[in-house]
1. Out of the stretch A:87-101, which residues are more than 10 Å from every other protein chain (Cβ to nearest Cβ) and open to solvent by less than 30 Å² (accessible area, probe 1.4 Å)?
2. If you take the residues of the stretch B:325-343 that are in a strand (DSSP E or B) and modelled with pLDDT under 90, which of them is farthest from B:Val295 (Cα to Cα)?
3. Residues of the stretch A:21-46 being of a type outside the set (Asp, Glu), touching a helix residue (DSSP H, G or I) at 6+ places or on another chain (Cβ under 8 Å), within 14 Å of chain B (Cβ to nearest Cβ) and under 30 Å from A:Phe258 (Cα atoms), which ones?
4. If we keep just the residues of the stretch B:48-72 that are within 13 Å of ligand 2 (Cβ to nearest atom) and assigned to a loop (DSSP other than H, G, I, E, B), which is most open to solvent (accessible area, probe 1.4 Å)?
5. Could you please give the count of residues in the stretch B:62-83 that are under 16 Å from B:Val49 (Cβ atoms), of a type in the set (A, V, I, L, M, F, W, C) and either at the interface with chain A (Cβ under 7 Å from one of its Cβ atoms) or out of contact with any Lys or Arg (no Cβ under 7 Å at 6 or more places or on another chain) (or both)?
6. Quickly run through the stretch B:77-103 and pick out the residues that are surrounded by fewer than 20 Cβ atoms within 10 Å (Cβ to Cβ), at pLDDT 90 or above and farther than 19 Å from A:Ala10 by Cα.
7. What do you reckon, is B:Val295 touching a Ser or Thr at 6+ places or on another chain (Cβ under 8 Å), over 30 Å from B:Glu232 (Cα atoms) and crowded, with 18+ Cβ neighbours inside 10 Å?
8. Which residues, counting only those in the stretch B:2-33, are in contact with a Lys or Arg (Cβ under 9 Å, 6 or more places away or on another chain), more than 14 Å from chain A (Cβ to nearest Cβ) and modelled with pLDDT under 90?
Amino acid sequence: MIERLKDLWAHRELLWNMTVKELKVKYKRSVLGFAWSFMTPLVMLLVFSIVFSILARGGDVQWYAVFLMSGLLPWLFFVNSLMQSVGSIVANPGLVKKVYFPREILPIAAVGANIFHFVLQMLVFFVFMLLIRWHFSPWLLLMPFILILQVVLTLGLALLVSAANVYLRDVQHFVEVALTALFWLSPIVYPVGLVASQFPKFMPLYLVNPMTNIVLLWEYAIYNPHHYGPQVAYISFWGILITVVFSIVTLVGGYYVFARIERGFAEQI
Amino acid sequence: MEHAVEVREVSKMFKLYHENVRSLKEKVLFFRKRGYEEFWALRDIDLDVEKGETLGIIGANGSGKSTLLKCMTRIIYPTSGKIMTDGSIAALLELGAGFQPDLTGRENVYLNASILGFSRKEVDGKFDEIVAFAELERFIDNYVRNYSSGMYIRLGFAVAISVDPEILIVDEVLAVGDEAFQRKCLDKIDEFRDSGKTIIFVTHNVDVTREICDRVIMLEEGRIVRDGIPKEVVNHYHQVMETEEEASEQGNRKIEITEVRLLNDRGEETNDFYTGSSMKVRVCYEAREPIVDPVFGFSLDDYRGFTAFGTNTALKGLEMGTVAGDGVVEFDLKSLPMLEGRYLVSVAAHSRDEQTVYHWQDKLYQFEMKSDIDDVGLLYIPCEVKTGPQAG
Ligand SMILES: Nc1ncnc2c1ncn2[C@@H]1O[C@H](COP(=O)(O)OP(=O)(O)O)[C@@H](O)[C@H]1O
Ligand SMILES: [Mg+2]
């Protein structure tokens, strides 16, 4: 394992180049270029604002746009990272079959490129909040920690699914379906208080989902719970602890599994 | 480690799946039934490559050459056995592997170099050299997607060769590209060799291995069947491959060439000739029907396809008249000027206007030139050297 990490470190420049490549290639031949990375969140914002205002009869969540964005942007970062990394190895047979390099670079670069997008989207989001004179809370300082936590979880899953997908192409489809379900099972579009009040029995189960906790953390840090009450975004000590442990275990386990089956990649794809 | 590469009892088995069993349903269905056959691409390979050695690997298609190289470079892993390497490796298994069509040549140089383990700084220092070697100065900022295959290949080789590894591993990549560029690559490999680097080299053009290798191994069905000095291993290779390679026949066979013999000074049939000795090419034919004014010819080509000599009865001003039944044409070469090398013999019978080919045996026969002359080159030219004080 130490050897692997050393090898990865020795190839850090390649990792960087692959990440940059992901970004460059993605928007190379499009006129709007990077502007596209803002399209999905904006369209979703529009749609969900309308739908939610009809369903909730326009009240429960003040500043719905800020609420939605504070959970949606991290979620999109999560989804895009996994959707791109799951196929990252099978999509590069030319590389995997013909040159040696630490194969984990491919899924990691996919996540890396999405970190970049995420940070960019967040910056725009924050500019918007400054314009509307949003009252930031000190919990904002939690953001680097939340980002690291989410990256750890995402990397672990990315390594796991990208490796598994080489042997079983079903993984790709499974991930897609699972992520769609998880989206609605996380308090992104609706506040967590809705679940707490409507289905109190399910709350413990609901909070097991690590992405729920991470989304809650983002909402807590950005959406300023002191103004709008804990039913909008609450965090629990146990929820955070479970999420931290789960994320670290996922990363270590994911990397371990990756390392174990990586030797067969060149023959399998 | 004493050697640059040590291969110990390496075997490699591939699973040949009957069908591509890649979805969950199929995996479950085939869980018990074995959905594949075993195929051993390498068997019990033992090999030590000395530091500074240039090793050639030859063998028929599918004999396991690429598989062995891939095991050495950790792209795949042997089923059993062990491979140890000492020193940095740059492998050229496919030119331009990893080129991104949607990036420019310049961006690809950096990306490709980092795949080979090169840092940006190191590339900066060599960038101009790389571009110059690839002869792409004018196109380096174009998208690689718009490159011709030749440009692609040149850039790939230029990047790979500019890496300064201790061990260079090259698989058949030189088969592509035009001749001038191949020459340039071989020169570069020569340079590499002279600087004491270890080179492991696979090529289809086995005679090239004679030129640049210290040692050659030959693989057959995953086993090493010959290991030794290039000349002998290559000769063995040619014996095994003899009839398969390059040879072809065509024509309407109204005249059939029934036998071709290469005879030495003493009139014996042989495949070995010496510089300065004579050679008779005896062509026996059978005309199935009377043919008016045919022309018989032959040519000697070296392995590069370079024609050393050729002539025919028309060029020699001979009129064959009408031929029918059996006959013989003999070309008597008084003295062979070629130095060492292998030559292929083509023989043909066609009409005077060359519109009708009766029988053309292209490169079907071969012989070996041997020589105890120390001079170098293709041909022996008698040369006297005089020395003395400078006149004037
Ligand atoms: N990934 C693979 N799966 C199954 N068979 C393979 C694979 N790679 C190579 N082979 C088989 O192994 C044999 C050796 O291949 P290779 O090493 O490429 O031969 P060479 O380079 O000498 O032409 C061939 O019969 C080839 O079909
Ligand atoms: Mg090959």
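The values are calculated or read from the model by the stated rules, or taken from the named source; none is laboratory data. Just so it is clear, the model here is predicted, and its values are computed rather than measured. Glycine gets a Cβ as well: all are built from the backbone with ideal geometry, and neighbour counts include every protein chain shown. Protein only, heavy atoms only, side chains kept; ligands, DNA and RNA dropped before computing areas. Shrake-Rupley method; radii C 1.70, N 1.55, O 1.52, S 1.80 Å.
1. Residues satisfying the conditions are A:Gly87, A:Ser88, A:Ile89.
2. Of the residues in the stretch B:325-343, the ones in a strand (DSSP E or B) are B:325-333, B:338, B:341-343.
In the following step, the residues that additionally are modelled with pLDDT under 90 were identified as B:341-342.
Numbers: B:Gly341: 29, B:Arg342: 27 Å.
My answer is B:Gly341.
3. A:Lys21, A:Leu23, A:Lys24, A:Lys26, A:Tyr27 - these are the residues of the stretch A:21-46 that are of a type outside the set (Asp, Glu), touching a helix residue (DSSP H, G or I) at 6+ places or on another chain (Cβ under 8 Å), within 14 Å of chain B (Cβ to nearest Cβ) and under 30 Å from A:Phe258 (Cα atoms).
4. B:Asn61
5. The number of residues fulfilling the criteria is 4.
6. B:Tyr77, B:Thr79, B:Ser80, B:Gly81, B:Lys82, B:Ile83, B:Met84
7. On the way: touching a Ser or Thr at 6+ places or on another chain (Cβ under 8 Å): yes; over 30 Å from B:Glu232 (Cα atoms): yes; crowded, with 18+ Cβ neighbours inside 10 Å: yes.
Considered against the rule, which asks whether it is touching a Ser or Thr at 6+ places or on another chain (Cβ under 8 Å), over 30 Å from B:Glu232 (Cα atoms) and crowded, with 18+ Cβ neighbours inside 10 Å, B:Val295 comes out as yes.
8. B:Glu2, the sole residue that qualifies.
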